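This is the structure I want to talk about, given as structure tokens.
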Amino acid sequence: QVQLVESGGGLVQAGGSLRLSCAASGRTFSSYAMGWFRQAPGKEREFVAAISWRVGSTVYADSVKGRFTISRDNAKNTVYLQMNSLKPEDTAVYYCAAARRFGILSPLYDYWGPGTQVTVSS
């Protein structure tokens, strides 16, 4: 069992930066791939970024590539999402999730956090 809690969301102006954190409970955190997803009002949840559990391989959605960076600290049971050059279209609730397999599809992910709101003003 893995429990996840996101933090670091907030209101920022376009062009600004935020760093999201996701703290995980459970001693097997390091064996899970971790992902970030987001859901904007009236839209479906979409993949943002993921990082593998072992060698730290990463994958990003095209819409955030070059602006967002996912990283993890297994010693702290925490995964991060550094978001730079934020745009109003990045406004959404951001969720972290844990999966036994590395991938971009939400059904792969077994555990989800409650989400944190990110609002980017123009």
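The values are calculated or read from the model by the stated rules, or taken from the named source; none is laboratory data. The model shown is predicted, which means the values in this text are computed figures rather than measured ones. Cβ coordinates were reconstructed from backbone atoms using ideal geometry, including for glycine residues, and neighbour counts include every protein chain displayed. Just so you know, the surface numbers come from the protein's heavy atoms only, side chains and all, with ligands and any DNA or RNA stripped out. Shrake-Rupley method; radii C 1.70, N 1.55, O 1.52, S 1.80 Å.
Just checking, how many residues over region 35-54 are among the β-branched types (V, I, T) and in contact with a helix residue (DSSP H, G or I) (Cβ under 7 Å, 6 or more places away or on another chain)?
Looking only at that region, the number is 0.
Give the residue that is nearest to G113 (Cα to Cα), with candidates limited to residues of region 45-62 that are open to solvent by 60 Å² or more (accessible area, probe 1.4 Å) and not in a strand (DSSP E or B).
Per the stated criteria, the residue is R45.
Just one of the numbered conditions (1) among the basic types (K, R); (2) at pLDDT 95 or above; (3) within 20 Å of Q3 (Cβ to Cβ) is not true of R67; which one?
The one condition R67 does not meet is (3).
For region 18-25, does any single residue satisfy the condition of being modelled with pLDDT under 95, loosely packed, with under 13 Cβ neighbours inside 10 Å and on the phi > 0 side of the Ramachandran plot?
At the first step, the residues of region 18-25 found to be modelled with pLDDT under 95 are 24-25.
If we keep only those that are loosely packed, with under 13 Cβ neighbours inside 10 Å too, we end up with 25.
Next, from what is left, pick out any that are on the phi > 0 side of the Ramachandran plot: none.
Among the residues of region 18-25, not one is modelled with pLDDT under 95, loosely packed, with under 13 Cβ neighbours inside 10 Å and on the phi > 0 side of the Ramachandran plot, which makes the answer no.
In the list G42, G15, G66, which residue meets the criterion of being over 13 Å from the mean Cα position of the chain (by Cα), touching a residue at least 40 places away in the same chain (Cβ under 8 Å), in a loop (DSSP other than H, G, I, E, B) and surrounded by fewer than 18 Cβ atoms within 10 Å (Cβ to Cβ)?
The unique qualifying residue is G15.
Give the residue that is most open to solvent (accessible area, probe 1.4 Å), with candidates limited to residues of region 93-122 that are in a strand (DSSP E or B) and under 15 Å from A61 (Cα atoms).
The extreme case among them is Y95.
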